[in-house]
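*Asks:* Have a look at this one.
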Amino acid sequence: MPIPFKCPHCEAETEVSEEHAGQTGACAQCGKPITVPPRSAPAQCVPPQKSSSKTSTLVIVLVAVLGITVVCGGIFVVLLQTSREAANRARCRNNLQRIGLAMHNYEGLYGCFPPAYTTDENGKPMHSWRALLLPDLDPQMADLYDFDQPWDSPHNLAVAQTVPRIYRCPSSSDPDTTTNTCYAMIVGPETISDGPTTSTFQQISDGFSRTIQIVEVAASGIHWAEPRDLGATEISFAVNEGTGIGSEHPGGAFVVMCDTSVHFLDEAIDPTEIKAMSTIDGGEDVHLP
């Protein structure tokens, strides 16, 4: 490609071949020495710079979307947990109501509510009220369970190695939830049963709707078939405090009354009120929630 240049002496303009670029020689017009200019460096292709404002905007949008996703995800988890607990509470309430109805069916057959436990001829506890209600609540297990043997005989332990779902609260996280119950009687003087002795309709003078029959117990440690419950003289009657009436439902626990109605006892209820509801003929003035 020819290189145009102008003689600095005579100002004559001409073009020379590329091969003479940078060489010195005599001007063709004036004869004075001149130097042919070098070839121009090829222009470099520089890509256009992207707008930093667009990048910043994209980053802000991505951060905003991520933040909204995290917040919405957290809300979704809370809603899911709330929904699950609501379903568990409904199932737990239904369990207790079915137990209350089974208690009434037992009374219709035998003329009294089931005792906390039966005994053998030597007075040794044999079977829990939970086992006595099996014909009504779990007929298939009742057919396998042998009432002629104690609850902890090899045969009965094999049959009772899994707690019937009716005796387990869905919210329970008890590590022994495969065998342990979440429902118990309050057993002792003036309660629905003192152990081997039971109560009739006529003996519940405080009123069916004001007398507790079964309560929730969190982490009871009681095998569902075991003839053991809550001792009235051993618990504080405060809800969700220590070993006694309690649950993993937030704020309180369920109890079923002798009329089969189920109530949620708030943790704030005065324990003396609950103790009064545990007796069948104390004559106390109680106020249900």
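The values are calculated or read from the model by the stated rules, or taken from the named source; none is laboratory data. All values derive from a computational prediction rather than experimental measurement. So basically every Cβ, Gly included, is an ideal-geometry build from the backbone, and we count neighbours across all protein chains shown. Each accessible area value is taken on the protein alone, full model and side chains, heavy atoms only, with ligands, DNA and RNA left out. Shrake-Rupley method; radii C 1.70, N 1.55, O 1.52, S 1.80 Å.
*Asks:* Which of the helices (runs of 4 or more DSSP H) contained wholly in segment 96-195 include at least 2 residues that are over 29 Å from the mean Cα position of the chain (by Cα) and not hydrophobic (A, V, I, L, M, F, W, C)?
*Replies:* Hits in segment 96-195: 134-137, 139-144, 154-159.
*Asks:* Look through Ala131, Ala184, Ala142, Ala160 and report the one residue that is of a type in the set (A, V, I, L, M), touching a residue at least 24 places away in the same chain (Cβ under 8 Å) and farther than 26 Å from Ser278 by Cα.
*Replies:* Details: Ala131 fails: farther than 26 Å from Ser278 by Cα; Ala184 fails: farther than 26 Å from Ser278 by Cα; Ala142 fails: touching a residue at least 24 places away in the same chain (Cβ under 8 Å).
Exactly one of Ala131, Ala184, Ala142, Ala160 is of a type in the set (A, V, I, L, M), touching a residue at least 24 places away in the same chain (Cβ under 8 Å) and farther than 26 Å from Ser278 by Cα, namely Ala160.
*Asks:* Do any residues in segment 216-230 that are without any contact (Cβ under 8 Å) to a residue 60 or more places away in the chain and within 20 Å of Ser171 (Cα to Cα) have Cβ atoms under 6 Å from those of residues that are open to solvent by less than 20 Å² (accessible area, probe 1.4 Å) and of a type in the set (Phe, Trp, Tyr), where the two are at least six apart or on different chains, and which pairs are they?
*Replies:* Pairs that qualify, where the first residue is without any contact (Cβ under 8 Å) to a residue 60 or more places away in the chain and within 20 Å of Ser171 (Cα to Cα) and the partner is open to solvent by less than 20 Å² (accessible area, probe 1.4 Å) and of a type in the set (Phe, Trp, Tyr): there are none.
*Asks:* Going by the conditions given, is Pro150 touching a residue at least 24 places away in the same chain (Cβ under 8 Å), open to solvent by 10 Å² or more (accessible area, probe 1.4 Å) and touching a helix residue (DSSP H, G or I) at 6+ places or on another chain (Cβ under 8 Å)?
*Replies:* yes
*Asks:* Here are some residues: Ala218, Ala268. Which one is at pLDDT below 95 and under 30 Å from Asp152 (Cα atoms)?
*Replies:* Working: Ala268 fails: under 30 Å from Asp152 (Cα atoms).
Answer to the check: Ala218.
*Asks:* Moving on to the next point. Does Leu137 meet the test of being touching a strand residue (DSSP E or B) at 6+ places or on another chain (Cβ under 6 Å) and open to solvent by less than 50 Å² (accessible area, probe 1.4 Å)?
*Replies:* No; evaluated as a whole, the condition is false for this residue.
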